[in-house]
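The values are calculated or read from the model by the stated rules, or taken from the named source; none is laboratory data. Small disclaimer: the values here were computed from a predicted structure and weren't measured. Ideal geometry is used to build each Cβ from the backbone, glycine not excepted, and the neighbour counts take in all protein chains shown. Surface accessibility is based on the protein's heavy atoms, side chains included, excluding ligands, DNA and RNA. Shrake-Rupley method; radii C 1.70, N 1.55, O 1.52, S 1.80 Å.
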Amino acid sequence: MLRLLAALLLLALPATAQDARPARAAASTLPAAPLAPAAALAGLPEQLAGWQRGTVTDFEARSGGAGLGAGVEYRPGPAQPGVATIYLYDRGRHGLLPDPAGPDIGAEMATALQEVDSLAGIRRYQVAERHPIPAPAGLRCETQTLVFEGGIRAESPVCLGVVRDRFLKLRLTLPASQPGAAEALAGQFADAALAGLGGW
């Protein structure tokens, strides 16, 4: 009887080991869970287009901040105007479509532009012009001209895409002294952000 049990165990062992090997192999090919937004943004380069990275703000960690992700600012040298902010968030949604012409990015772009409009009275500017601009692959970009009290003008491109089921948003504000400079810089920031976050 003992010999029969031993023989059955020996026959069963190779099958068990064989079944376990594919399971381990399958588990090793699963994609790694994406980093939290704050951690992902902290991995971006210290400098982009010569601008220095600031502190990452973790909006998720704030009360009521679920889905708001995180943001990080880049600024030029001392006494030089301008700011670029990169945001990564999902608004609590999943299955976001990465198509720049699709409904998810289109609706989020409309929200981003409405946010700019809603701050006009607080920050004392008017949106004088707004139009689409060329964008890196996978992104949708629009630029707007802001006219502040006293006549100071600024260019403020907004770019939006989806990276690893999260919205990637870039907002840049730069004095309108050199036509097209803000648009070109937005493209450089967007390309670097995509590379730093692992592309699409």
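The loop-placed GluC sites (Glu not before Pro) in region 110-179, going by DSSP, that have at most 12 neighbouring Cβ atoms within 10 Å of their Cβ come out as 149. Probing with 1.4 Å while keeping every protein chain in the model, the per residue accessible area of region 47-200 equals 49 Å². Restricting to Cα pairs below 8 Å that are 6+ residues apart, what does the relative contact order work out to for region 90-187? Please round to a whole percent. Computed value for region 90-187: 25 percent relative contact order.
Here the label points at residue 129 and residue 61, each 7 Å from Cα along the C-beta direction, are separated by 4.1 nm in the simple model.
The relative contact order of region 32-111, computed from alpha carbon pairs under 8 Å that lie at least 6 residues apart in sequence, is 22 percent. In plain terms, the chain from residue 122 to residue 46 could stretch by 24.3 nm, reckoned as 0.36 nm per residue minus the Cα-Cα distance.
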